[in-house]
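What follows is a set of notes on a single structure, which appears directly below.
The values are calculated or read from the model by the stated rules, or taken from the named source; none is laboratory data. Everything quoted here is computed from the prediction, not taken from an experiment. Cβ atoms come from the backbone with ideal geometry, glycine included; neighbour counts cover every protein chain shown. Calculation scope for accessible area: heavy atoms of the full protein, side chains included, ligands and nucleic acids excluded. Shrake-Rupley method; radii C 1.70, N 1.55, O 1.52, S 1.80 Å.
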2 protein chains.
Amino acid sequence: MSKVGIIAYGTTPFTKEDHKIESILHKSTNDLFQKNPNIDKKEIDAVLVSTNNNSKYLSPILSEMTGIQPKIAHSIESLCNSGTNSIVSAFAYISSGLADMVLISGAERYDSPGQILEWDNSRGEFKHPIFWASIFSKSYKQKFGISDEELAIVSVKNHKQAKENPNALSKKTYTIQDVVNSKKLTEDLRLLDCSRPCTGSASILLASEEVVRKNTDRPVWITGIGQKTTSAGFTKNNSLSSMESTKIAGQSALKMANHTISDIDVAEVHDAFSVCEPMALESLGFVNPGKGMSIINDLHETNNFKINPRGGLIGTGHPLGATGISQTIEIVQQLQKSAEKRQTDNAEVGLIHNMSAAATSSTVLVLEK
Amino acid sequence: MSKVGIIAYGTTPFTKEDHKIESILHKSTNDLFQKNPNIDKKEIDAVLVSTNNNSKYLSPILSEMTGIQPKIAHSIESLCNSGTNSIVSAFAYISSGLADMVLISGAERYDSPGQILEWDNSRGEFKHPIFWASIFSKSYKQKFGISDEELAIVSVKNHKQAKENPNALSKKTYTIQDVVNSKKLTEDLRLLDCSRPCTGSASILLASEEVVRKNTDRPVWITGIGQKTTSAGFTKNNSLSSMESTKIAGQSALKMANHTISDIDVAEVHDAFSVCEPMALESLGFVNPGKGMSIINDLHETNNFKINPRGGLIGTGHPLGATGISQTIEIVQQLQKSAEKRQTDNAEVGLIHNMSAAATSSTVLVLEK
């Protein structure tokens, strides 16, 4: 299998603004090309669009808007981890030899149809993700004796970190009491425990080893990939206080990259809701079950941006199709030492965790210089 | 690049019935497993859903309904050639080594949102494909001096061939006069010149060489792949009487398979409308520009099913996300000599041509035993 690397990226700010999906796809793609004027668009073999938007044929539309005539052009959807699914698909096109350079552009509008989970009868009448998040929160707090105040630190930390991310939706910091006193959505979930839907786009350019070396002197390589789908209905395979698909995907990705979790210097994990961050850290093996909040606490107190440096989904906002790509861009910046005020020390090996629908599916990527 | 083969397939009838998208995906997948009871679902690494339907997370939903826990699970959309895009994506997952066995299930409902082309301002107010088809028909007829009666033979032939396809939407045969006298949709297009939207699903199972050989003693291999996207707007890159994307995709696929067009014994081409069949045959190089109808005429008169044996899109119906997969299944059956009354002689090398939106993008596959 030939090596696959990342040579360029672009993004829009994540906002509550009302833009057409085509416009924001184009905007983050334009940002990528403006930052990398030497890239020859004629060399782009594939354009993949990651989105839950209902508009069709977006990849040929984006290609025409951008002046690209690719061979391969299609959209990819898998709810909240559409972005990393697209990255894995691009990896496959390149390492199979069908493509040498692949543009991926992910985007979502604030009113994405992917926010309503229509099919899962285990939720009864409750089609919004806040209901699985609420059940996860109750289960996790009960099982491990965690208080609302303790869990609120995830939101406090991630809003703090997002303040150093110029593209983040959140522009504010909050105290533990702010989180606990924010609007009560359910018995176990406050408004500030939730990532928020927003409008945003992120684009990334992947290439084969030869093309990477021709285009950049500071490449970042995708060295580990793990994916797992356990079900579509959240009560079927989850323990409600851990993430089985994340555990399997994490182990596969680390094995492929020939690393253990202790080698990971910086990570983006999928904090769609506060409780997801400690659960993800535990399922990935960073820490034992029930102990996720202890490392989150330590990182927060020492102002260490190791976990979710861009502010996580809670701080950055969650435009579904763009999220996994935005997470990946953050790890690229960390490894390239260009993350400015968010920069973590000694970032040599990074990890991305992106999941969908109560962790019924997960993708884990390992990135290295 | 490791070889990729096809080991199983399943389908539903194509009808005007009202079924949920999940139900028909499940039905064709079930048909596949019932025909191949020895396949171990645990070995399926990826489940790809090909559709224009607006429902989200269909791949994990289908996986759960079918009892599969794949690694990779996502939907793929690229309008009418979503099906072959999914096959190429599966090919890449397998030949890159990320998967050994990939299930692809394509489906559409009769009311697919992919039938309205919202974005292309070159159509003015005319968002339905009949308008580009009408312009293509006028242009092709004028340029090459073809009459309505001559072009109608495509529809006559494909309805005739569909009568031998038990899953086809059409159950009737028509005369040239029936076609020419059918409802006038535009000056240049009659109802019977059009493929019809319908409800249907088709599933196919791809695998790596080792897994293919373990599961079947009559494999069919994907030996050629070609894809090209020229634009999203149909007036930008087309001559209006030929298909540039088809020409490029066809040349690439034949080159990869180390064949010339004269080696092709049987082909499925994308006759979304009558005029598309001669245009596709010419753009693929079967015959010189303007001469497509002469071979179609010959095949019709000699009752030779070489082109569109299952009845084409006009006879079989066109459930967008399923079409490319259904075309591929037909070529598999032809090469396996199991096409019954549709069987063509000496079918050793087959070709599939699947395209979207006025041939602004095309996929061509070459299949061999």
Return the calculated 222 nm mean residue ellipticity for chain B, to the nearest 500 deg cm²/dmol, obtained by summing -39500 (n - 2.57) across DSSP H runs with n ≥ 4 and dividing by the residue count. -11500 deg cm²/dmol
Classified through the alpha carbon gyration tensor (a ≥ b ≥ c as square roots of its eigenvalues; rounded if a/c is under 1.5, else prolate when a/b is larger than b/c, else oblate), the stretch A:244-368 comes out rounded
In the stretch A:81-103, the residues losing 30 Å² or more of accessible area (1.4 Å probe, heavy atoms of protein chains only) relative to their chain alone are A:85, A:92, A:93, A:96, A:98
Classified through the alpha carbon gyration tensor (a ≥ b ≥ c as square roots of its eigenvalues; rounded if a/c is under 1.5, else prolate when a/b is larger than b/c, else oblate), the stretch B:264-311 comes out rounded
Residues whose placed amide H lies under 5 Å from that of residue A:264, excluding near-sequence neighbours: none
Please report, in debye to the nearest 20, how large the charge dipole of the protein assembly as shown is about its Cα centre when each Lys and Arg carries +1 at its beta carbon and each Asp and Glu carries -1 there. 380
Using a probe radius of 1.4 Å on heavy atoms only, what accessible surface per residue do you get for the stretch B:320-369? Whole Å² is fine. 23
Threshold 40 Å², probe 1.4 Å: give the residues of the stretch A:192-230, in number order, that are less accessible with all protein chains present than with their chain alone. A:227, A:228, A:229
Express as a percent, rounded to the nearest 5, the fraction of DSSP beta bridges in the protein assembly as shown (both residues included) that run antiparallel. 70
Tell me the per residue accessible area of the stretch B:1-152 using a 1.4 Å probe; a whole number in Å² is fine. 36
Whole-Hz ³J(HN,Hα) for each residue in the stretch B:260-265, computed from phi via Karplus 6.51 cos²θ - 1.76 cosθ + 1.60 with θ = phi - 60°, x for glycine and proline: what do you get? 10, 4, 5, 7, 6, 8
How much length, in nm to one decimal, is gained on full extension between residue B:128 and residue B:297, taken as 0.36 nm per residue of separation minus their Cα-Cα distance? 57.9 nm
Suppose we keep just the DSSP beta bridges with both residues in chain A; what percent of those would be antiparallel, to 5? 70
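Given a 1.4 Å probe, how much area per residue of the stretch B:190-263 is accessible, in Å²?
39
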Built amide H within the under 5 Å cut-off of residue A:48, gap 5+: A:103, A:104, A:105
With every protein chain in place, what's the accessible area of residue A:277 (1.4 Å probe, Å², nearest 10)? 0
Are there GluC sites (Glu not before Pro) in the stretch B:304-369 that DSSP puts in a loop and that have at most 15 other Cβ atoms within 10 Å, and which ones? B:348
Using bins 20 angstrom wide from zero, how does P(r) for the protein assembly as shown break down, in % of all Cα pairs? 19, 51, 25, 5, 0
Computed for A with B: buried accessible area summed over both chains, 1.4 Å probe, rounded to 100 Å², at 4000
Semi-axes of the equivalent ellipsoid for chain B, please: Cα gyration tensor eigenvalues, times 5, square-rooted, ordered largest first, whole Å. 31, 22, 19
Between residue B:317 and residues 5 or more places away or on another chain, the pairs with built amide H atoms under 5 Å apart involve B:169, B:170, B:196
The protein assembly as shown, accessible surface, carbon-and-sulfur percent (1.4 angstrom probe): 47
Tilt, helix A:292-301 to longest principal axis of chain A (alpha-carbon atoms), in degrees rounded to tens, equals 80
